[in-house]
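What follows is a set of notes on a single structure, which appears directly below.
No value in this document is a laboratory result; all are computed from the given coordinates. Predicted, not measured: the structure shown is a model, and the values here were computed from it. No Cβ is skipped: glycine too gets one built from the backbone with ideal geometry, and neighbour counts run over all protein chains shown.
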């Protein structure tokens, strides 16, 4: 073996070691079968509570159709994901600091433009997202609602999904439709995906249990998917007032029933013992997302 070959082997080993030592964030994708069920409200308040529990949290707003997270936080980002990809901005430029030290990234038009990236741009984006993995313990991805391709691409690429539903029949039906459509997608792996559910706007804890039973039992029976119940959030008028004031309920009224319920859910999420076992990070999520996009284009 000559010196050049020895050098190549040494560099290869160093790169492999660096890859093993790389910090990887835990990514939780928050989604729903229909809009108006409180998905974005839950995302913001979970982020605040997880931050209070000592986690470094960043929200990625992947709902390019709306700007709910921005409205709830009362901020207007100057830059978004598209500026990182196409206009030479650095990661630090597009991360806005929110309450309790949480970070926020607006997807903006960048989410739509992901499908048009060149190979070089994809490599550049993934490298930047490895930097994001270094900055956060937990990244909450707030998707759009429903079963559009953009939502399903994100959810199918995720390893941990938090589904939000309410007792309304349409919410239950649409949540099932989301999981059914997801289960049929070629890029989705039920073995590698942890599905969790939150029942929102419930009148009693029993109503939350019934909602979970309706959805969970049917999903397991007909789709062979297991959904873990994380808890319920009561229908709380204080939450509506907080939204009108552009204040997360856990800040404006931390002793309210909904704020207390969200705190308990955040504690459950933070206490998951195997959270380090299957973490893939935000860079891996986007890599899988892009592979799904290209596969779809190829088959079109």
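Provide the gained length on full extension for the span residue 191 to residue 223, in nm with one decimal, where the gain is 0.36 nm per separating residue minus the Cα-Cα distance.
On the way: separation 32, 0.36 × 32 = 11.52 nm, distance 1.28 nm.
Additional length available on full extension: 10.2 nm.
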Most to least packed among 242-249, 282-289 [average Cβ atoms within 10 Å]:
282-289, 242-249
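In segment 32-84, how does Rg compare with the Kirkwood Rh, expressed as the Rg/Rh ratio over alpha carbon atoms? Please list the in-between numbers first.
Numbers: Rg = 12.1 Å, Rh = 12.4 Å.
Dividing the radius of gyration by the Kirkwood radius yields 0.98.
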Could you check what % of the DSSP bridge pairs in segment 24-299 are antiparallel, to the nearest 5?
5
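At a threshold of 8 angstrom on Cα-Cα distance, excluding pairs fewer than six apart, so keeping six or more, what relative contact order does segment 24-299 reach in percent? Don't skip to the end; give the middle numbers.
Values: 506 pairs, mean separation 77.8, N = 276.
Relative contact order, segment 24-299: 28 percent.
Would you kindly calculate the mean projected area, averaged across all directions, of the convex hull enclosing the Cα atoms of segment 24-299, in square nanometres?
Numbers: hull surface 53.3 nm².
Convex hull of Cα atoms, orientation-averaged projection: 13.3 nm².
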Output needed: percent of Cα pairs per 10 Å distance bin for segment 162-287, bins running from 0 to the one holding the longest distance.
12, 36, 34, 18, 1
